[in-house]
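Okay, structure first, notes after.
The values are calculated or read from the model by the stated rules, or taken from the named source; none is laboratory data. From a predicted model like this one, the values you see are computed outputs, not experimental measurements. Please note: Cβ atoms are built from the backbone with ideal geometry, for glycine as well, and neighbour counts cover all protein chains shown. Only protein heavy atoms, including side chains, enter the accessible area calculation; ligands, DNA and RNA are left aside. Shrake-Rupley method; radii C 1.70, N 1.55, O 1.52, S 1.80 Å.
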Amino acid sequence: MYLESQRDELRRLGYSIASESDCSLIAVRNVWHWDAMATNMTYVVFLRATGTLSRQNIESEYERMLESARELDPLRLPRGFQHGRTVVPVYIADSIEPDAVALLETAQPMRFAEFVFPVGLDRSSGRAHYLRRTSVWGAFYLPKLRFLAHRLVGPRMIVSGPMLDGPKVEYKAAIAITTPAVGRHAVDSLKARG
């Protein structure tokens, strides 16, 4: 599957996969946010691989995604009664047109206890586009949404092994190097491990 790493990351983050195909996926997670006055939020992620992404593509899908999110919401509390819904359309695009970039990086229109937070990854440039500034209305939720966006479209780090560091290591996986001889021995032992 093309979106396998994003699917695996959503599962790690506690999302349930509602549906998936080769180029799309829908995932749902219901969370109580005690830091937001004990508010329950249902997050519905619509992940899609696409060719060129335009503003029109994004806007034409909003209402359908909102309706699907309403149907997928496991909690039957009315919105606004300590319950809200967030729709997160995530596009993995071969390229993103400038008008779509502008939309992805702008706060979306307010809806009553219902938010839309679009995210796009432009594979031609490797850049992720989403709202990075925090407005007053989003002070509780935007950092959570940016975290999700980064986990789904942010850069991945692949490391070859433990970090070789100075004498005072701050990471459990680091190896303290106190002298040149200790450094040579650490490199030789890592090389021997493969």
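Across region 132-169, the number of residues qualifying as touching a Leu at 6+ places or on another chain (Cβ under 6 Å) and either at pLDDT 80 or above or within 20 Å of residue 101 (Cβ to Cβ) (or both) comes to 2.
Only a single criterion out of (1) among the small types (Gly, Ala, Ser); (2) out of contact with any helix residue (DSSP H, G or I) (no Cβ under 8 Å at 6 or more places or on another chain); (3) surrounded by fewer than 16 Cβ atoms within 10 Å (Cβ to Cβ); (4) within 28 Å of residue 136 (Cα to Cα) is not satisfied by residue 84, namely (3).
So is residue 40 farther than 15 Å from residue 149 by Cβ and in contact with a His (Cβ under 6 Å, 6 or more places away or on another chain) or not? Spelling it out, residue 40 is indeed farther than 15 Å from residue 149 by Cβ and in contact with a His (Cβ under 6 Å, 6 or more places away or on another chain). Applying the set (1) modelled with pLDDT of 95 or more; (2) part of a loop (DSSP other than H, G, I, E, B); (3) over 22 Å from residue 155 (Cα atoms) to residue 14 leaves exactly one unmet item: (3). If the condition is being of a type outside the set (A, V, I, L, M) and free of Cβ contacts under 8 Å to residues at least 12 places away in the same chain, then region 12-34 contributes 12, 19, 21, 32, 34.
Would a scan of region 53-61 turn up a residue that is part of a loop (DSSP other than H, G, I, E, B), open to solvent by 20 Å² or more (accessible area, probe 1.4 Å), under 22 Å from residue 28 (Cα atoms) and free of Cβ contacts under 8 Å to residues at least 24 places away in the same chain? No, every residue in region 53-61 fails to be part of a loop (DSSP other than H, G, I, E, B), open to solvent by 20 Å² or more (accessible area, probe 1.4 Å), under 22 Å from residue 28 (Cα atoms) and free of Cβ contacts under 8 Å to residues at least 24 places away in the same chain.
Checked against the criterion of being among the β-branched types (Val, Ile, Thr) and either modelled with pLDDT under 95 or over 15 Å from the mean Cα position of the chain (by Cα) (or both), region 18-26 has no qualifying residue. Within region 90-146, the set of residues being surrounded by fewer than 18 Cβ atoms within 10 Å (Cβ to Cβ), outside any helix (DSSP H, G or I) and among the aromatic types (Phe, Trp, Tyr) comprises 112, 140. Scanning region 63-81 for residues that are open to solvent by 60 Å² or more (accessible area, probe 1.4 Å) and part of a loop (DSSP other than H, G, I, E, B) yields 74, 76, 78, 79, 81. Is there a residue being in contact with a Lys or Arg (Cβ under 9 Å, 6 or more places away or on another chain), open to solvent by less than 80 Å² (accessible area, probe 1.4 Å) and over 20 Å from residue 152 (Cα atoms) anywhere in region 24-34? Yes, some residue in region 24-34 is in contact with a Lys or Arg (Cβ under 9 Å, 6 or more places away or on another chain), open to solvent by less than 80 Å² (accessible area, probe 1.4 Å) and over 20 Å from residue 152 (Cα atoms). Residues of region 5-22 being of a type in the set (Asp, Glu) and loosely packed, with under 15 Cβ neighbours inside 10 Å, which ones? Once the filter is applied, which keeps residues that are of a type in the set (Asp, Glu) and loosely packed, with under 15 Cβ neighbours inside 10 Å, region 5-22 yields 8, 22. For residue 35, the criteria (1) modelled with pLDDT of 90 or more; (2) part of a helix (DSSP H, G or I) hold in every case but one, which is (1).
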